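The structure under discussion appears below in the form of C-alpha coordinates.
The values are calculated or read from the model by the stated rules, or taken from the named source; none is laboratory data. Every value quoted in this text rests on a predicted model; they were computed, and no experiment measured them. Please note: Cβ atoms are built from the backbone with ideal geometry, for glycine as well, and neighbour counts cover all protein chains shown. With ligands, DNA and RNA removed, areas are computed over all heavy atoms of the protein, side chains included. Shrake-Rupley method; radii C 1.70, N 1.55, O 1.52, S 1.80 Å.
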Amino acid sequence: MGTNDDNFRERYPADSPTSFLGSITASVTHELNNILSIISQTGGLLEDFLYGAKSGQELSVEELNQIAAKIAAQSERGISTIRRLNKFVHSADFPVAAFDVYETLENIGSLMQRIASLRKVTIKIESRSEKIEATGPVLEIQRTIFLAVKELLAVATKDDTISISAEKSDSGLLINMHLVTKQRSGCPELSQVSEAANAMPAKVKMEIKPDGVYIVLSLPPNYNVT
Amino acid sequence: MGQFRVLLVDDEEELVTTIIERLKFRDVDGAYELNGASAIERMRKEPFDIVVLDLKLPGISGEETLRVMKQEHPEIPVLLITGHGSSIMDEKVPRGAAGFLAKPINIDDLLARIKEVLAKNGH
(Lines give C-alpha, C1' and ligand atoms only; values in the text may rest on other atoms or scores of the structure.)
Protein backbone atom coordinates (compact mmCIF):
# COMPACT_ATOMS: atom_id res chain seq x y z
CA MET A 1 0.00 0.00 0.00
CA GLY A 2 1.23 3.48 -0.78
CA THR A 3 2.40 6.25 1.45
CA ASN A 4 0.23 8.63 3.44
CA ASP A 5 0.55 11.76 1.39
CA ASP A 6 3.48 12.24 -0.96
CA ASN A 7 2.64 15.92 -1.61
CA PHE A 8 2.30 16.88 2.05
CA ARG A 9 4.92 19.67 2.02
CA GLU A 10 3.50 21.26 -1.13
CA ARG A 11 -0.07 20.97 0.11
CA TYR A 12 0.36 23.62 2.80
CA PRO A 13 2.60 26.36 1.41
CA ALA A 14 3.67 29.15 3.74
CA ASP A 15 6.49 30.74 1.80
CA SER A 16 4.94 34.17 2.37
CA PRO A 17 2.59 35.61 5.01
CA THR A 18 -0.20 35.55 2.41
CA SER A 19 0.17 31.86 1.56
CA PHE A 20 0.51 31.07 5.28
CA LEU A 21 -2.79 32.86 5.98
CA GLY A 22 -4.25 30.94 3.03
CA SER A 23 -3.05 27.52 4.23
CA ILE A 24 -4.44 28.01 7.73
CA THR A 25 -7.70 29.55 6.55
CA ALA A 26 -8.30 26.80 3.97
CA SER A 27 -7.69 24.11 6.57
CA VAL A 28 -9.94 25.75 9.17
CA THR A 29 -12.76 26.43 6.71
CA HIS A 30 -12.69 22.74 5.79
CA GLU A 31 -13.22 22.00 9.46
CA LEU A 32 -16.04 24.57 9.66
CA ASN A 33 -17.60 22.91 6.61
CA ASN A 34 -17.52 19.59 8.47
CA ILE A 35 -19.10 21.15 11.55
CA LEU A 36 -21.89 22.74 9.51
CA SER A 37 -22.38 19.42 7.68
CA ILE A 38 -22.92 17.66 11.01
CA ILE A 39 -25.37 20.34 12.18
CA SER A 40 -27.20 20.18 8.86
CA GLN A 41 -27.45 16.36 8.87
CA THR A 42 -28.49 16.30 12.52
CA GLY A 43 -31.21 18.86 11.80
CA GLY A 44 -32.22 16.68 8.86
CA LEU A 45 -32.41 13.65 11.13
CA LEU A 46 -34.78 15.57 13.38
CA GLU A 47 -36.95 16.26 10.32
CA ASP A 48 -36.86 12.54 9.51
CA PHE A 49 -38.03 11.71 13.04
CA LEU A 50 -40.85 14.27 12.82
CA TYR A 51 -41.87 12.93 9.42
CA GLY A 52 -41.92 9.42 10.94
CA ALA A 53 -44.02 10.71 13.87
CA LYS A 54 -46.61 12.09 11.45
CA SER A 55 -46.84 8.61 10.00
CA GLY A 56 -47.47 7.13 13.43
CA GLN A 57 -43.93 6.23 14.54
CA GLU A 58 -43.17 6.88 18.18
CA LEU A 59 -40.94 9.88 18.96
CA SER A 60 -38.23 8.98 21.43
CA VAL A 61 -37.45 11.72 23.96
CA GLU A 62 -34.02 10.20 24.47
CA GLU A 63 -33.23 10.44 20.74
CA LEU A 64 -34.49 14.02 20.62
CA ASN A 65 -32.25 14.87 23.58
CA GLN A 66 -29.29 13.30 21.81
CA ILE A 67 -29.99 15.37 18.70
CA ALA A 68 -30.22 18.59 20.74
CA ALA A 69 -26.96 17.76 22.55
CA LYS A 70 -25.19 16.98 19.27
CA ILE A 71 -26.27 20.28 17.70
CA ALA A 72 -25.22 22.21 20.83
CA ALA A 73 -21.81 20.48 20.94
CA GLN A 74 -21.10 21.11 17.26
CA SER A 75 -22.22 24.73 17.57
CA GLU A 76 -19.76 25.19 20.46
CA ARG A 77 -17.03 23.55 18.37
CA GLY A 78 -17.81 25.94 15.50
CA ILE A 79 -17.84 29.03 17.73
CA SER A 80 -14.50 28.05 19.28
CA THR A 81 -12.97 27.40 15.85
CA ILE A 82 -14.18 30.75 14.49
CA ARG A 83 -12.82 32.55 17.58
CA ARG A 84 -9.41 31.00 17.03
CA LEU A 85 -9.43 31.82 13.33
CA ASN A 86 -10.51 35.38 14.02
CA LYS A 87 -7.73 35.86 16.56
CA PHE A 88 -5.24 34.38 14.12
CA VAL A 89 -6.16 36.63 11.17
CA HIS A 90 -6.06 39.69 13.45
CA SER A 91 -2.42 38.89 14.16
CA ALA A 92 -1.80 40.30 10.67
CA ASP A 93 -3.18 43.72 11.70
CA PHE A 94 0.16 45.13 12.87
CA PRO A 95 3.67 44.18 11.72
CA VAL A 96 4.86 44.25 15.34
CA ALA A 97 2.69 43.88 18.45
CA ALA A 98 2.80 42.77 22.08
CA PHE A 99 1.50 39.23 22.56
CA ASP A 100 0.97 36.52 25.15
CA VAL A 101 3.33 33.77 24.05
CA TYR A 102 1.38 30.76 25.36
CA GLU A 103 -1.95 32.12 24.21
CA THR A 104 -0.48 32.48 20.73
CA LEU A 105 1.01 28.97 20.82
CA GLU A 106 -2.31 27.50 21.97
CA ASN A 107 -4.14 29.31 19.21
CA ILE A 108 -1.85 28.36 16.33
CA GLY A 109 -1.43 24.83 17.77
CA SER A 110 -5.17 24.32 17.74
CA LEU A 111 -5.51 25.66 14.19
CA MET A 112 -2.71 23.35 12.99
CA GLN A 113 -4.27 20.29 14.66
CA ARG A 114 -6.53 19.49 11.71
CA ILE A 115 -3.51 19.29 9.38
CA ALA A 116 -1.71 17.17 11.99
CA SER A 117 -4.73 14.87 12.35
CA LEU A 118 -4.55 14.05 8.66
CA ARG A 119 -1.08 12.63 9.48
CA LYS A 120 -2.52 10.98 12.63
CA VAL A 121 -0.29 13.18 14.79
CA THR A 122 -1.27 15.10 17.94
CA ILE A 123 -0.04 18.61 18.67
CA LYS A 124 0.34 19.24 22.36
CA ILE A 125 1.03 22.65 23.87
CA GLU A 126 2.80 22.09 27.17
CA SER A 127 1.15 23.73 30.15
CA ARG A 128 2.64 27.07 31.01
CA SER A 129 4.69 27.49 34.15
CA GLU A 130 4.45 31.28 33.97
CA LYS A 131 2.92 33.93 31.76
CA ILE A 132 5.35 35.08 29.08
CA GLU A 133 4.80 38.21 27.05
CA ALA A 134 6.84 39.49 24.15
CA THR A 135 6.73 42.13 21.45
CA GLY A 136 7.44 41.18 17.87
CA PRO A 137 6.13 40.22 14.44
CA VAL A 138 3.41 37.83 15.68
CA LEU A 139 2.35 36.65 12.24
CA GLU A 140 5.93 35.92 11.19
CA ILE A 141 6.60 34.07 14.44
CA GLN A 142 3.52 31.90 13.87
CA ARG A 143 4.54 31.33 10.25
CA THR A 144 7.98 30.15 11.35
CA ILE A 145 6.42 27.82 13.94
CA PHE A 146 4.02 26.51 11.27
CA LEU A 147 6.90 25.83 8.87
CA ALA A 148 8.84 23.99 11.59
CA VAL A 149 5.80 21.94 12.65
CA LYS A 150 5.07 21.17 8.99
CA GLU A 151 8.61 19.76 8.65
CA LEU A 152 8.13 17.67 11.79
CA LEU A 153 4.79 16.42 10.45
CA ALA A 154 6.42 15.51 7.14
CA VAL A 155 8.71 13.01 8.92
CA ALA A 156 6.30 11.94 11.68
CA THR A 157 4.67 8.53 11.79
CA LYS A 158 1.22 7.43 12.96
CA ASP A 159 0.34 8.29 16.60
CA ASP A 160 3.38 10.54 17.11
CA THR A 161 3.11 13.71 19.19
CA ILE A 162 4.55 17.18 18.58
CA SER A 163 5.06 18.94 21.87
CA ILE A 164 5.45 22.74 21.84
CA SER A 165 6.61 24.87 24.75
CA ALA A 166 8.18 28.26 25.41
CA GLU A 167 10.74 29.49 27.91
CA LYS A 168 12.53 32.70 28.72
CA SER A 169 16.30 32.59 28.46
CA ASP A 170 19.24 35.00 28.76
CA SER A 171 19.23 35.27 25.01
CA GLY A 172 15.53 36.10 24.79
CA LEU A 173 12.73 33.63 24.14
CA LEU A 174 13.01 29.98 23.13
CA ILE A 175 10.15 28.16 21.43
CA ASN A 176 10.77 24.42 21.59
CA MET A 177 9.12 22.01 19.18
CA HIS A 178 9.71 18.34 19.83
CA LEU A 179 8.53 15.53 17.60
CA VAL A 180 8.24 12.56 19.94
CA THR A 181 8.81 9.57 17.69
CA LYS A 182 10.50 6.21 17.63
CA GLN A 183 10.45 5.79 13.91
CA ARG A 184 10.59 8.99 11.88
CA SER A 185 10.26 8.67 8.12
CA GLY A 186 13.10 10.99 7.07
CA CYS A 187 14.87 14.16 8.08
CA PRO A 188 13.20 17.59 8.32
CA GLU A 189 14.34 20.15 5.76
CA LEU A 190 15.12 23.38 7.58
CA SER A 191 15.86 25.74 4.67
CA GLN A 192 12.39 27.35 4.60
CA VAL A 193 12.22 27.52 8.40
CA SER A 194 15.65 29.16 8.60
CA GLU A 195 14.75 31.63 5.88
CA ALA A 196 11.62 32.70 7.77
CA ALA A 197 13.53 32.90 11.07
CA ASN A 198 16.40 34.92 9.59
CA ALA A 199 13.97 37.48 8.19
CA MET A 200 12.53 38.32 11.64
CA PRO A 201 15.45 38.08 12.72
CA ALA A 202 15.64 34.94 14.86
CA LYS A 203 17.64 31.74 14.91
CA VAL A 204 16.59 28.16 14.42
CA LYS A 205 18.39 25.01 15.50
CA MET A 206 17.59 21.34 15.02
CA GLU A 207 18.79 18.31 16.95
CA ILE A 208 17.99 14.67 16.29
CA LYS A 209 18.00 12.52 19.42
CA PRO A 210 16.85 8.95 20.18
CA ASP A 211 13.48 10.24 21.43
CA GLY A 212 12.78 12.32 18.36
CA VAL A 213 13.52 15.57 16.58
CA TYR A 214 13.93 18.92 18.36
CA ILE A 215 13.58 22.26 16.60
CA VAL A 216 14.24 25.37 18.69
CA LEU A 217 13.28 28.84 17.52
CA SER A 218 15.33 31.42 19.38
CA LEU A 219 14.01 35.00 19.49
CA PRO A 220 16.58 37.62 20.61
CA PRO A 221 16.24 39.94 23.66
CA ASN A 222 14.95 42.87 21.59
CA TYR A 223 11.56 41.09 21.59
CA ASN A 224 11.10 42.55 25.11
CA VAL A 225 10.34 39.20 26.69
CA THR A 226 8.82 39.54 30.14
CA MET B 1 -32.53 -5.48 4.20
CA GLY B 2 -32.17 -2.27 2.18
CA GLN B 3 -32.25 -1.68 -1.54
CA PHE B 4 -28.46 -1.68 -1.71
CA ARG B 5 -25.43 -1.44 0.56
CA VAL B 6 -23.31 1.71 0.90
CA LEU B 7 -19.91 2.09 2.56
CA LEU B 8 -19.39 5.67 3.74
CA VAL B 9 -15.79 6.71 4.47
CA ASP B 10 -15.16 9.99 6.35
CA ASP B 11 -13.20 10.81 9.49
CA GLU B 12 -16.02 12.87 11.04
CA GLU B 13 -17.74 10.13 13.03
CA GLU B 14 -20.76 12.22 14.04
CA LEU B 15 -21.33 13.06 10.39
CA VAL B 16 -21.14 9.52 9.03
CA THR B 17 -23.24 7.98 11.79
CA THR B 18 -25.97 10.58 11.19
CA ILE B 19 -25.92 10.08 7.42
CA ILE B 20 -26.10 6.29 7.90
CA GLU B 21 -29.13 6.76 10.17
CA ARG B 22 -30.81 9.02 7.61
CA LEU B 23 -30.11 6.52 4.83
CA LYS B 24 -31.77 3.82 6.94
CA PHE B 25 -34.92 5.98 7.03
CA ARG B 26 -34.79 5.76 3.25
CA ASP B 27 -34.44 1.99 3.21
CA VAL B 28 -30.71 2.05 2.39
CA ASP B 29 -28.36 -0.23 4.24
CA GLY B 30 -25.13 1.55 5.18
CA ALA B 31 -21.87 1.03 7.03
CA TYR B 32 -19.03 3.44 7.75
CA GLU B 33 -15.29 3.58 8.30
CA LEU B 34 -13.25 6.52 9.58
CA ASN B 35 -10.11 6.04 7.52
CA GLY B 36 -8.92 4.60 4.24
CA ALA B 37 -7.03 1.61 5.63
CA SER B 38 -10.02 0.32 7.62
CA ALA B 39 -12.34 0.93 4.64
CA ILE B 40 -10.10 -1.17 2.40
CA GLU B 41 -10.09 -3.94 5.03
CA ARG B 42 -13.87 -3.77 5.41
CA MET B 43 -14.35 -4.18 1.67
CA ARG B 44 -12.23 -7.31 1.74
CA LYS B 45 -14.63 -8.85 4.26
CA GLU B 46 -18.08 -7.55 3.33
CA PRO B 47 -19.94 -6.91 0.09
CA PHE B 48 -20.94 -3.35 -0.84
CA ASP B 49 -22.74 -1.98 -3.87
CA ILE B 50 -21.16 1.48 -3.73
CA VAL B 51 -18.61 3.50 -1.74
CA VAL B 52 -18.91 7.18 -0.80
CA LEU B 53 -15.41 8.37 0.02
CA ASP B 54 -14.14 11.66 1.47
CA LEU B 55 -10.86 12.73 -0.11
CA LYS B 56 -9.51 14.29 3.09
CA LEU B 57 -8.73 11.35 5.33
CA PRO B 58 -6.22 10.76 8.10
CA GLY B 59 -3.39 8.36 7.27
CA ILE B 60 -3.74 6.98 3.76
CA SER B 61 -5.10 9.75 1.56
CA GLY B 62 -8.48 9.55 -0.17
CA GLU B 63 -6.76 9.36 -3.57
CA GLU B 64 -4.65 6.39 -2.48
CA THR B 65 -7.68 4.71 -0.89
CA LEU B 66 -9.56 5.13 -4.18
CA ARG B 67 -6.66 3.62 -6.11
CA VAL B 68 -6.50 0.52 -3.89
CA MET B 69 -10.29 0.10 -3.86
CA LYS B 70 -10.50 0.22 -7.63
CA GLN B 71 -7.57 -2.16 -7.97
CA GLU B 72 -9.21 -4.71 -5.67
CA HIS B 73 -12.88 -4.13 -6.56
CA PRO B 74 -13.08 -2.55 -10.02
CA GLU B 75 -16.79 -3.39 -10.21
CA ILE B 76 -17.76 -1.29 -7.15
CA PRO B 77 -18.36 2.39 -8.00
CA VAL B 78 -16.82 5.05 -5.76
CA LEU B 79 -18.36 8.50 -5.34
CA LEU B 80 -16.02 11.13 -3.90
CA ILE B 81 -16.85 13.85 -1.38
CA THR B 82 -14.85 17.06 -1.45
CA GLY B 83 -14.90 20.25 0.57
CA HIS B 84 -15.86 23.55 -1.03
CA GLY B 85 -13.04 25.12 -2.99
CA SER B 86 -11.09 21.90 -3.24
CA SER B 87 -8.85 21.94 -6.30
CA ILE B 88 -10.56 18.79 -7.51
CA MET B 89 -13.78 20.74 -8.08
CA ASP B 90 -12.13 22.53 -10.99
CA GLU B 91 -10.51 19.44 -12.40
CA LYS B 92 -11.75 16.27 -13.96
CA VAL B 93 -12.96 13.44 -11.77
CA PRO B 94 -10.00 11.29 -10.65
CA ARG B 95 -9.47 8.05 -12.52
CA GLY B 96 -11.68 5.32 -11.18
CA ALA B 97 -14.17 7.60 -9.42
CA ALA B 98 -17.81 7.65 -10.49
CA GLY B 99 -18.17 11.35 -9.67
CA PHE B 100 -18.05 13.73 -6.76
CA LEU B 101 -20.30 15.56 -4.35
CA ALA B 102 -19.50 18.77 -2.47
CA LYS B 103 -19.87 19.05 1.30
CA PRO B 104 -22.24 19.82 2.96
CA ILE B 105 -24.15 16.96 1.38
CA ASN B 106 -27.90 17.09 0.88
CA ILE B 107 -29.23 13.63 1.74
CA ASP B 108 -31.66 13.55 -1.18
CA ASP B 109 -28.91 14.63 -3.61
CA LEU B 110 -26.66 11.92 -2.20
CA LEU B 111 -29.32 9.27 -2.63
CA ALA B 112 -30.13 10.46 -6.15
CA ARG B 113 -26.44 10.32 -7.15
CA ILE B 114 -26.04 6.87 -5.63
CA LYS B 115 -29.06 5.58 -7.54
CA GLU B 116 -27.86 7.22 -10.75
CA VAL B 117 -24.41 5.65 -10.47
CA LEU B 118 -25.82 2.24 -9.54
CA ALA B 119 -28.25 2.37 -12.48
CA LYS B 120 -25.33 3.10 -14.81
CA ASN B 121 -23.58 0.07 -13.34
CA GLY B 122 -26.60 -2.12 -14.07
CA HIS B 123 -27.75 -2.43 -10.47
* Could you do me a favour and compute the accessible area per residue for the protein assembly as shown, 1.4 Å probe, result in Å²? => 48 Å²
* Looking only at Cα atoms, what is the convex hull volume of the protein assembly as shown per residue, in Å³? -> 152 Å³
* Structure fact -> Label model pair residue A:9, residue A:103: point-to-point distance (7 angstrom along the Cα→beta-carbon line) in nm is 3.6 nm
* Structure fact -> Test assert for segment A:109-138: residues whose accessible surface shrinks by at least 40 Å² between chain alone and all chains, 1.4 Å probe, equal A:118, A:120
* Asked: In whole Å, what three semi-axes, largest first, describe the equivalent ellipsoid of segment A:1-134 built from its Cα gyration tensor (square root of 5 times each eigenvalue)?
  -> 37, 20, 14
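State, in square angstrom and to the nearest 100, the accessible area buried between chains A and B, both chains counted, probe radius 1.4 Å.
Details: alone 12420 and 6730 Å², together 16670 Å².
Counting protein atoms only, the buried area is about 2500 Å².
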* Calculate for chain A the 222 nm mean residue ellipticity that helices alone would give, adding -39,500 (n - 2.57) per DSSP H run of length 4 or more and normalising by residue count, nearest 500 deg cm²/dmol. => -18000 deg cm²/dmol
* Asked: What's the average, rounded to a whole number, of partner chain beta-carbon atoms within 10 Å of each residue's beta-carbon in B:17-25?
  -> 5
* Quick one: dipole size for the protein assembly as shown, taken about the Cα centre, charges +1 on Lys/Arg Cβ and -1 on Asp/Glu Cβ, in debye to the nearest 20. => 420 debye
* Asked: Ignoring ligands, DNA and RNA, what percent of the 1.4 Å accessible area of chain A is carbon and sulfur?
  -> 52 percent
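How well do other chains shield peptide B:57-64, expressed as the mean number of their Cβ atoms within 10 Å of each residue Cβ?
Values: counts 3, 10, 7, 6, 9, 1, 4, 6.
Mean inter-chain Cβ contacts per residue within 10 Å come to 6.
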* Structure fact -> The simple spin-label model distance between residue B:29 and residue A:199, using points 7 Å out along Cα→Cβ, in nm, is 5.7 nm
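Send over the per residue convex hull volume for segment A:42-87, Cα only, as a whole number of Å³. Please list the in-between numbers first.
Working: hull volume 2.1 nm³, N = 46.
In segment A:42-87, the Cα hull volume divided by residue count equals 47 Å³.
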* Asked: Modelled label-to-label distance, residue A:176 and residue A:129, 7 Å Cα→beta-carbon offset: nm?
  -> 0.8 nm
* Proximal lysines relative to residue A:182, as straight alpha-carbon distance under 16 Å, when same-chain residues fewer than 8 apart are discounted -> A:120, A:158, A:209
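Which FRET efficiency, nearest 0.05, do residue A:211 and residue A:83 yield, Cβ-Cβ r, R0 30 Å?
Working: r = 34 Å, r/R0 = 1.14.
E(calc), rounded to 0.05, equals 0.30.
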* **Nearest-0.05 FRET efficiency for residue B:38 and residue B:121, computed from C-beta distance (R0 30 Å)** => 0.80
